[in-house]
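**Student:** Take this structure, written in structure tokens, and hold onto it; I'll ask about it next.
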Ligand code: SAH
């Protein structure tokens, strides 16, 4: 994890349970004699997130039952590595596909004091995100915008006179609903979970898939980025499948950026990455 990631230490479960008492029902001792939860259980992760956001940032957070439940440490990691990239303290950020969970704008505002605009195509997701902003005074500067055309990422979102230091994006990663379901089923089998737990993986269908998957989504973003070359200093996006990096890199380079990077992040055994490009 990024050296500045405050979530790299063991969680203080007794303190977290004090804030969210029902979290207790999900905490157990593992074989290393440490308190933990089942990270494959969406409802357990949701309560953990609620407690973490309350304890670190005094934020009142919740999520509709079927929405994608984000692991907070890795979401913060992306922002910390992106902060290194832009190299400045004050930043204006655009989050493409912010989701009902609003996780990047929340962490960007609460942890880094960045100003954030979030977009989504999903009205219900935005409605929930807006309710989180209204519940928390410290989030009042976060603005949400709806993308009315699902085939676009930036069109109609960035105003003519507007500038951003950074664009972040966690794209929908599956190619279609079937692939999303299949992969979730495989995960369930690998983790030897019971059938009743499958739905706990969370993620409403439209959150998880986009025609062509993350590759098409990022290619679209790369193509559109040319038209905002002077308005956004660094464009970035997570790439969840390593195999997609090659093709995505080629598409981004077609847009002729002046600089391009693949930034790797290690969270335990897992390596994730984001691509970054600029026209400055
Ligand atoms: N940022 C959240 C959610 C990511 S899921 C997180 O990291 O947990 C991807 C999101 O992208 C979904 O909410 C989906 O509705 C949204 N999305 C799909 N197509 C989009 C588009 N063209 N423009 C903006 N958002 C889009």
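**Student:** At what distance in nm do the modelled label points of residue 176 and residue 262 sit from each other, each positioned 7 Å from its Cα along Cα→Cβ?
**Tutor:** Each label point is offset 7 Å from its Cα along the Cβ direction, giving 2.8 nm.
**Student:** Can you tell me the length gained on complete extension of the stretch residue 227 to residue 271, counting 0.36 nm per residue apart and subtracting the Cα distance? Spell out each step's value before the answer.
**Tutor:** Numbers: separation 44, 0.36 × 44 = 15.84 nm, distance 3.16 nm.
That works out to 12.7 nm of additional length.
**Student:** If you don't mind, there's one more thing I want to ask. Using 0.36 nm per residue of separation minus the Cα-Cα distance, give me the extension gain between residue 6 and residue 151 in nm, one decimal.
**Tutor:** Values: separation 145, 0.36 × 145 = 52.20 nm, distance 3.66 nm.
Full extension from residue 6 to residue 151 adds 48.5 nm.
**Student:** I need the fraction of alpha carbon pairs in the stretch 44-105 separated by more than 14 Å, rounded to a whole percent.
**Tutor:** 62
**Student:** Using the beta-carbon distance between residue 39 and residue 241 and R0 = 22 Å, what value does 1/(1 + (r/R0)^6) give for FRET efficiency, to the nearest 0.05?
**Tutor:** For residue 39 and residue 241, the calculated efficiency is 0.60.
**Student:** Could you give the distance between the Cα centres of the stretch 8-65 and the stretch 148-162, to the whole Å?
**Tutor:** So the separation of the two Cα centres works out to 37 Å.
**Student:** While we're looking at this one, here's another question. To the nearest µm²/s, what D does Stokes-Einstein give for the chain at 37 °C and 0.692 mPa s, using the Kirkwood radius over alpha carbon pairs as Rh?
**Tutor:** Reported coefficient: 169 µm²/s.
**Student:** Most exposed first by the Cβ proxy, i.e. fewest other Cβ within 10 Å, how do 134, 161 rank?
**Tutor:** Ascending number of Cβ neighbours within 10 Å: 161, 134.
**Student:** With each run of n ≥ 4 DSSP H residues scored as -39500 (n - 2.57), what mean residue ellipticity at 222 nm is computed for the chain after dividing by its residue count and rounding to the nearest 500 deg cm²/dmol? Intermediate results must be reported in sequence, preceding the final value.
**Tutor:** Values: 9 runs with 102 residues, N = 280.
It lands at -11000 deg cm²/dmol.
**Student:** Which of the peptides 49-60, 215-226, 250-261 is most tightly packed, and how do the rest follow, judged by the mean count of other Cβ atoms within 10 Å per residue?
**Tutor:** 215-226, 49-60, 250-261
**Student:** If you don't mind, another one. Fewest to most neighbouring Cβ within 10 Å: what's the order for 246, 210?
**Tutor:** Working: 246 9, 210 22.
Exposure proxy ranking, most exposed first: 246, 210.
**Student:** Between residue 127 and residue 60, what's the calculated FRET efficiency when r is the beta-carbon distance and R0 is 22 Å? Round to 0.05.
**Tutor:** 0.85
**Student:** With an 8 Å Cα cut-off and a minimum separation of 6 or more residues, compute the relative contact order for the chain in percent.
**Tutor:** Answer for the chain is 16 percent.
**Student:** Could you tell me the largest-minus-smallest coordinate of the C-alpha atoms of the stretch 37-157 on each of the three principal axes, in descending order and whole angstroms?
**Tutor:** Computed over the Cα atoms, the extents are 41, 33, 27 Å.
**Student:** Let me ask you something else. So what is the orientation-averaged projected area of the stretch 14-73, using the convex hull of its C-alpha atoms, in nm²?
**Tutor:** About 4.3 nm², averaged over all directions.
**Student:** Considering the Cα trace of the stretch 71-123, what is its radius of gyration and what is Dmax, both in angstroms?
**Tutor:** Calculated on Cα positions, Rg and Dmax stand at 10.8, 34 Å.
Every number in this text was worked out from the coordinates using simple rules, so none of it is lab data. Quantities reported herein were computed from a predicted structural model and do not represent experimental measurements. Note: ideal-geometry Cβ built from the backbone for every residue, glycine included; neighbour counts use all protein chains shown.
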